[in-house]
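The values are calculated or read from the model by the stated rules, or taken from the named source; none is laboratory data. Just so you know, these numbers come straight off a predicted model, no measurement behind them. With ideal geometry, Cβ positions are generated from the backbone for all residues, glycine too; neighbour counts draw on all protein chains shown.
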Amino acid sequence: MDLSSNLSLFFFIIALLSPFGIPLGATFVIIAAGSLSGSIDDYFFIVTLIFFGLVLGDIAAYSTASYFEKAFAEKLQKNEKFEKKYESGKDLFYKYGAFGIFLSRFVLLGFGAPLNYISGFSKYSFGKFIAYSASGEFLYVSIYAYIGFIFKDSWESLYDLIIEFPYIILLILLAVFAFYQLKRYL
């Protein structure tokens, strides 16, 4: 195994915390993990490790929301308008929640954490939640780690581009500003 245990622990912790909605750049980390995989065995190890971290994080976020559901509902009952929206939202979630949970893991990446909480608050079936969540997380890790694994030779160039991108935008904005100032002057 080429990956050090500290690096593996780092990947696992990022995967464990990201389902809570903490902005840790999990997708970036998964791609980096794939690019650091020296062999196909390393790739499968990383995919498995990150997958279990994500699923455990999903379970923890769901359980946290489920635990605080009663206090959350009591707060909503104080305002009739919010309570009605909460109930209609629960109905909508029960109807389309499975599809949303599945897609939020690998396509609609920003919606995974909120749907973890909504699932717990609405007491959505834990079995369904874990089935759709785990299948989506598996696709998420497999796809993005594979992108890193395939493009590992150009990873440094990709990283440099990501780092230099804000400077390129700043130069473009300065050029546009200079153009308008020159146009106004002339």
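Condition (residue is surrounded by fewer than 18 Cβ atoms within 10 Å (Cβ to Cβ) and in contact (Cβ under 8 Å) with a residue 60 or more places away in the chain) applied to segment 96-107: is it met by at least one residue?
no
Give segment 108-123 a look and list any residue that's polar (S, T, N, Q) and either touching a Cys at 6+ places or on another chain (Cβ under 9 Å) or without any contact (Cβ under 8 Å) to a residue 60 or more places away in the chain (or both), or say none.
The first filter runs over segment 108-123 and keeps only residues polar (S, T, N, Q), leaving 116, 119, 122.
If the condition is that a residue be polar (S, T, N, Q) and either touching a Cys at 6+ places or on another chain (Cβ under 9 Å) or without any contact (Cβ under 8 Å) to a residue 60 or more places away in the chain (or both), then SER119, SER122 are the ones that fit.
Quick one: would you say TYR124 is touching a helix residue (DSSP H, G or I) at 6+ places or on another chain (Cβ under 7 Å), in a helix (DSSP H, G or I) and at pLDDT 80 or above? Talk me through it step by step, then tell me what you get.
Details: touching a helix residue (DSSP H, G or I) at 6+ places or on another chain (Cβ under 7 Å): yes; in a helix (DSSP H, G or I): no; at pLDDT 80 or above: yes.
The answer is no for TYR124.
Within segment 29-71, take every residue that is of a type in the set (D, E, K, R) and closer than 13 Å to GLY120 by Cβ and give me the one that is surrounded by the most Cβ atoms within 10 Å (Cβ to Cβ).
Top of the filtered list is ASP58.
Look through ALA15, ALA26 and report the one residue that is free of Cβ contacts under 8 Å to residues at least 40 places away in the same chain and either in the same structural domain as TYR132 (by TED's automatic domain parsing) or not charged (D, E, K, R) (or both).
Values: ALA15 fails: free of Cβ contacts under 8 Å to residues at least 40 places away in the same chain.
Step by step, each of ALA15, ALA26 is checked, and only ALA26 is free of Cβ contacts under 8 Å to residues at least 40 places away in the same chain and either in the same structural domain as TYR132 (by TED's automatic domain parsing) or not charged (D, E, K, R) (or both).
Just to be sure I understand, how many residues within segment 108-120 are surrounded by 15 or more Cβ atoms within 10 Å (Cβ to Cβ), modelled with pLDDT of 80 or more and not hydroxyl-bearing (Ser, Thr, Tyr)? Break it down into steps so the answer makes sense when it comes.
Step one: filter segment 108-120 for residues surrounded by 15 or more Cβ atoms within 10 Å (Cβ to Cβ), giving 109, 111-113, 115-120.
Subsequent filtering for residues that are modelled with pLDDT of 80 or more retains 112-113, 115-120.
Going one step further and asking which of them are not hydroxyl-bearing (Ser, Thr, Tyr), we end up with 112-113, 115-116, 118, 120.
Total satisfying the criteria: 6.
Of the residues LEU92, LEU76, LEU54, LEU7, only one is at pLDDT 85 or above and assigned to a helix (DSSP H, G or I); which? So that I can check it myself, show each step before the final result.
On the way: LEU92 fails: at pLDDT 85 or above; LEU76 fails: at pLDDT 85 or above; LEU7 fails: at pLDDT 85 or above.
Of the residues listed, the single one that is at pLDDT 85 or above and assigned to a helix (DSSP H, G or I) is LEU54.
Can you name the residue in segment 124-149 that is of a type in the set (A, V, I, L, M, F, W, C) and without any contact (Cβ under 8 Å) to a residue 60 or more places away in the chain and is also nearest to SER39 (Cα to Cα) among such residues? Walk me through it before giving the result.
Residues of segment 124-149 that are of a type in the set (A, V, I, L, M, F, W, C), as a first pass: 126, 129-131, 134, 138-139, 141, 143, 145, 147, 149.
Then drop every residue that is not without any contact (Cβ under 8 Å) to a residue 60 or more places away in the chain, which leaves 131, 139, 143.
Values: ALA131: 29, LEU139: 20, ILE143: 16 Å.
Taking the candidates together, the pick is ILE143.
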